[in-house]
């Protein structure tokens, strides 16, 4: 934990960091019970129904992204799940002891955390990072997207109200004031002790190059595989539920489906029954021009409903039918910069690839991730569990999500064992230094006390025996 980075710095950002350091020194004296009170206070600030509703409404009004009902659900479920994960977790003092190795582990704060957060989740993501930071006795300053600054500020106001109730220092949780700009965010990243960056790859690269230790996330472009053994009705329901949640703003939403030819027709029928519509080739070509007018994904479609996008494209009859998902059929080689449908779309638009067998499905996903999305995750709908292991052994992914609604499951769910998080590491495949769902352990330093134990030195035979038996000794 560093405490002298702001000694020579001046200005509003440096002042915030100095106040955060003073508050963190107070929290540094707290025991586990008191820290868990801080965590509960910050959690209740977003879960309390009236405040949750207000934050969800403000997020959609402020950013124009997503929908209120799903943001309410996201704020509630992701925060409640995180609190469940943290309940009983030790993050103060001695947190582990291995008597056989003579090792005692002690949790220590990292200090002041800079939490860079995106406009897609201006309430849930800051809350998740704030709670994890507090669990480690840290202070945290949120650097929100400019579009999400008001929502982040309101969340922090709610947290301060809860802190007032329990007598905790408000300066433990702060937010950069409006107007948010790159200069202020860069200054904050340089002055804090740890940066946790979620959002655009530009933000992640800035975090990695700021000179402060940083965790950043990789790009999303999730593919889901539906094989010949899948229950297509169940798969279709999960896919549409995932792809429509919060208008597909999640990095964990499917962007492509790779479908075995033998179940294609049945799956398309099941998807249609769930509200997905397959565009004609002419419609797909026109929609591409609407979505990428100058080769860059338009903000007019980001986080918007399929009905809105259909109307924007001039598909009036289709818009009147209120589709939930728009599907685009692509050839097996339509991947890369010249084929924007092969990338992340941040909208309920789903690209369909048809392949002859499971080997071809894996190859298709490899091509997709060689273009975009390596390291994140892959979905699988199958009755053959060996295929999930095959994907994990072969594909450049940190998660294989089996028989689940992908965007809900990848960030932790009450029916799987992944940690609840809105920041997914993508490993070195995705340019990250971690491949976990970001959790409170990433906000801790660990001191290890090493005690002497009886010496255990192996013989050379114990180490090299099998090698010598096979190749001989010199």
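Since every read-out is calculated from the coordinates, none of them should be taken as a lab result. Predicted model, so just to flag it, every value in this text is computed and none were measured. Because the Cβ atoms are built from the backbone with ideal geometry, glycine has one as well, and the counts that use them run over all protein chains shown.
At 0.36 nm per residue, minus the direct Cα-Cα distance, what do residue 469 and residue 53 gain on full extension? Give it in nm, one decimal, please.
Extra length available between residue 469 and residue 53 comes to 142.9 nm.
Cut-off is 10 Å between beta-carbons; in what order do 210, 192 appear when sorted fewest neighbours first?
Going from sparsest to densest Cβ surroundings: 210, 192.
Pairs of Cα atoms under 8 Å, at least six residues apart: use those to get the relative contact order of the chain, whole percent. It would help to have the intermediate numbers written out before the result.
Details: 973 pairs, mean separation 83.4, N = 474.
The normalised contact order for the chain reaches 18 percent.
Only Cα pairs under 8 Å and at least 6 apart count here; give the relative contact order of region 329-388 as a rounded whole percent.
Once divided by the residue count of region 329-388, the mean separation gives 36 percent.
Explain nothing, just the number: relative contact order of region 380-474, from Cα pairs under 8 Å at least 6 residues apart, as a whole percent.
Reported as a whole number, the value is 15 percent.
Take the eigenvalues of the Cα gyration tensor for region 222-415, scale each by 5, and report the square roots as semi-axes in whole Å, largest first.
25, 17, 16
Along its principal axes, what span do the Cα atoms of region 106-166 show, with the longest given first and each in whole Å?
Principal axes ranked by extent give 39, 26, 15 Å for the Cα atoms.
Which of the three applies to region 1-72, rounded, prolate or oblate, going by the alpha-carbon gyration tensor with a ≥ b ≥ c and a/c under 1.5 meaning rounded?
oblate
Given the chain, what percent of its DSSP beta bridges are antiparallel, to the nearest 5?
Taking every DSSP beta bridge within the chain, about 25 percent pair in antiparallel fashion.
Calculate the translational D of the chain in whole µm² s⁻¹ from Stokes-Einstein, where the hydrodynamic radius comes from the Kirkwood formula applied to all Cα pairs, the temperature is 4 °C and the viscosity 1.567 mPa s.
Result for D is 55 µm²/s.
Please report the base-10 log of the normalised intensity I(q)/I(0) for region 77-188, using a Debye sum with one equal scatterer per alpha carbon and no solvent, at each q in 0.20 (1/Å).
Each listed q maps to, in turn, -1.09.
For residue 69 and residue 371 in the same chain, what is the full-extension length gain: residue separation times 0.36 nm, less their Cα-Cα distance, in nm?
So the chain would gain 105.4 nm between residue 69 and residue 371.
Based on the mean of other Cβ atoms within 10 Å per residue, sort peptides 178-188, 257-267 so the most packed one is first.
257-267, 178-188
Which of 189, 327 comes first, and how do the rest follow, when ranked by fewest Cβ neighbours within 10 Å?
Details: 189 25, 327 22.
By the 10 Å Cβ count, ascending: 327, 189.
How big is the gap, in Å, between the Cα center of region 84-131 and the Cα center of region 204-241?
Their Cα centres are 23 Å away from one another.
If we count other beta carbons within 10 Å of each Cβ, what is the order of 37, 228, fewest first?
Ordered from fewest to most neighbouring Cβ atoms within 10 Å, 37, 228 come out as 228, 37.
What distance in nm separates the two pseudo spin-label positions at residue 205 and residue 339, each 7 Å out from Cα along the beta-carbon direction?
Distance between label points: 2.5 nm.
Ignoring everything except DSSP H segments at least 4 long, calculate the 222 nm mean residue ellipticity for the chain; use -39,500 (n - 2.57) per segment, divide by total residues, nearest 500.
The helix contribution divided over the chain gives -13500 deg cm²/dmol.
Using the per-residue mean of other Cβ atoms lying within 10 Å as a proxy for protection, in what order, highest first, do the peptides 344-353, 21-30 fall?
344-353, 21-30
Sort the following peptides by mean Cβ neighbour count (other Cβ atoms within 10 Å, averaged over residues), highest first: 198-208, 459-469. Walk me through the numbers on the way to the answer.
On the way: 198-208: 19.3, 459-469: 9.9.
Answer by packing, highest mean first, reads 198-208, 459-469.
State, to one decimal in nm², a quarter of the convex hull surface area for the C-alpha atoms of region 43-131, i.e. the direction-averaged projected area.
7.2
Hey, what's the Cα Rg ratio for region 121-264 versus the globular rule of thumb, 2.2 N^0.38 Å?
Region 121-264 yields a ratio of 1.34.
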